[in-house]
1. Any idea of the accessible area per residue across the stretch 126-216, 1.4 Å probe, to the nearest Å²?
2. Starting from 0.36 nm per residue, how many nanometres of slack lie between ALA60 and SER209 once their C-alpha separation is accounted for?
3. Taking the Cα of ALA351, stepping 7 Å toward and past its beta carbon, and measuring to each backbone N in the stretch 313-341: which are under 16 Å?
4. Can you compute the FRET efficiency between ILE231 and ASP263 using 1/(1 + (r/R0)^6), with r the Cβ-Cβ distance and R0 = 45 Å? Round to the nearest 0.05.
5. Using alpha carbon coordinates only, what is the Rg to Rh ratio of the stretch 64-199, with Rh defined as the Kirkwood radius?
6. Label points 7 Å out from Cα along the Cβ direction at GLN216 and ASP250: separation in nm?
7. Give the span of the stretch 135-253's Cα atoms along each principal axis, as three whole-Å numbers ordered largest to smallest.
8. Of LYS41/LYS98; LYS45/LYS227; LYS98/LYS340; LYS98/LYS227; LYS98/LYS223, which ones are farther than 30 Å apart at the Cα?
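The values are calculated or read from the model by the stated rules, or taken from the named source; none is laboratory data. Quick caveat, the model's predicted, so the values are computed rather than measured. Here the Cβ positions follow ideal geometry from the backbone for every residue, glycine too, while neighbour counts run over all protein chains shown. Surface areas here come from the heavy atoms of the whole protein model, side chains and all, with no ligands, DNA or RNA. Shrake-Rupley method; radii C 1.70, N 1.55, O 1.52, S 1.80 Å.
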Amino acid sequence: MMILMSRTEFGVVIGVMLLLIALVLPALQHSREEARQATSKHNLKLIGLALYCYEDYFTALPYGGTIREEGVAMHGWMMSLLRFQGDNTFSNWIDYNKPWDRPENFRVSELRIPDYLVPGVDADYTTTGFGLTHYLGNPNLLHRNRRVTFDQLNQGTSYNWLAGEVVDHYQPWSYPFNWRPLGSKLCDGPHSFGRPVWGGGHLLRADGSVTFFSDQTAPEILKAFDKAPPIATREQTAVPDRTFQFGDFDWGGFDLPLDPQGDNRYIVEVFWDSSQRPLQINLYITKYFTPEERAAHPRSSYRPLRFLAHIGPQTDIAAALKATTLADETTPAQFQANVKLLQKIQQELPAEHEGSEL
């Protein structure tokens with residue numbers, strides 16, 4: 001039997017539904033933010049555990065950043081922690097004799113490391129393809145060319161801090177200058193710590209615990225954390241005047257077809273923007289393993305990718321590929337097909353892009 005409602009009754013039903021939605025949505029948003037806070041707190045605990053493992057192995061915290069005498073920035077503390085963060089092989093890919101942003105290390109620097117990202121922050125990569133971090137360290141404990149020991153924390157580890165969430169001006173996690181002064185107020189502009197949507201932020205203490213501080217925390221409390229000894233010099237904590245741009249980007253890769261199958265895999269990594277326009281193209285090589293070999297030795301078959309070439313808007317792709325071993329592992333027809341495939345993507349590259357410097 002069909003039940004007909006008057007306009008008034010229909011309006012009442014719609015009103016009740018809108019009221020229910022208005023009541024439920026804030027609760028859902030609150031629940032979502034609570035889950036994000038819990039994940040971020042867990043990330044900081046994992047960072048703290050990795051720092052403790054590093055300190056236990058080397059008897060000191062990592063260098064905040066390794067900077068050569070001539071000013072070349074090499075690697076930062078987050079890159080040093082990779083070997084102590086879970087069961088990953090990424091640390092074996094790093095060439096510590098090359099700077100963090102050189103082609104030899106770009107396959108590592110472009111990685112998205114979940115432990116270094118705050119859920120809900122829509123920023124995973126710089127415009128040049130480097131994976132970001134939403135956490136920065138204490139410049140008194142993590143700074144250039146010096147390792148600090150826990151014995152130097154003479155006020156006790158619970159009265160000092162190691163890292164925390166930052167509001168904005170995110171940096172690549174592999175950047176050698178990932179530290180920032182705590183200041184006297186949280187959520188106080190893009191250079192401060194905290195998450196405004198949470199009304200505060202978490203700090204990883206040097207004893208391994210993680211504490212949430214409100215943005216109404218008394219300045220004296222934060223100043224006490226900020227000035228807890230040891231105090232680094234201005235020269236040790238100096239950072240370049242550099243701001244990284246970021247947005248909605250992602251990396252995607254595919255294998256170049258080989259015929260006949262050679263000993264290696266040739267992998268193309270493309271950096272895409274939100275409209276699926278390519279911004280960068282990089283070519284890598286790694287050893288080829290048959291499915292049987294990968295099944296029998298899963299860890300040994302997970303080899304690092306070695307950088308071969310960066311393909312920019314003006315790159316002669318045929319010449320670039322001929323300079324590699326790809327020409328020896330493909331038939332002439334397959335080689336030309338690969339050239340045409342890359343040229344098709346190359347045609348969509350912007351005329352100028354920061355990443356083309358690689």
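1. Details: 2780 Å² over 91 residues.
Computed with neighbouring chains in place, this is 31 Å² per residue.
2. Details: separation 149, 0.36 × 149 = 53.64 nm, distance 1.84 nm.
Additional length available on full extension: 51.8 nm.
3. 313-315
4. Working: r = 55 Å, r/R0 = 1.22.
After rounding to 0.05, the efficiency reads 0.25.
5. Details: Rg = 15.2 Å, Rh = 15.8 Å.
We get a ratio of 0.96 for the stretch 64-199.
6. In this crude label model, GLN216 to ASP250 measures out at 4.0 nm.
7. The Cα atoms of the stretch 135-253 stretch 48, 35, 27 Å along the principal axes, largest first.
8. On the way: LYS41/LYS98 33 Å; LYS45/LYS227 22 Å; LYS98/LYS340 32 Å; LYS98/LYS227 34 Å; LYS98/LYS223 37 Å.
Result: LYS41/LYS98; LYS98/LYS340; LYS98/LYS227; LYS98/LYS223 exceed 30 Å.
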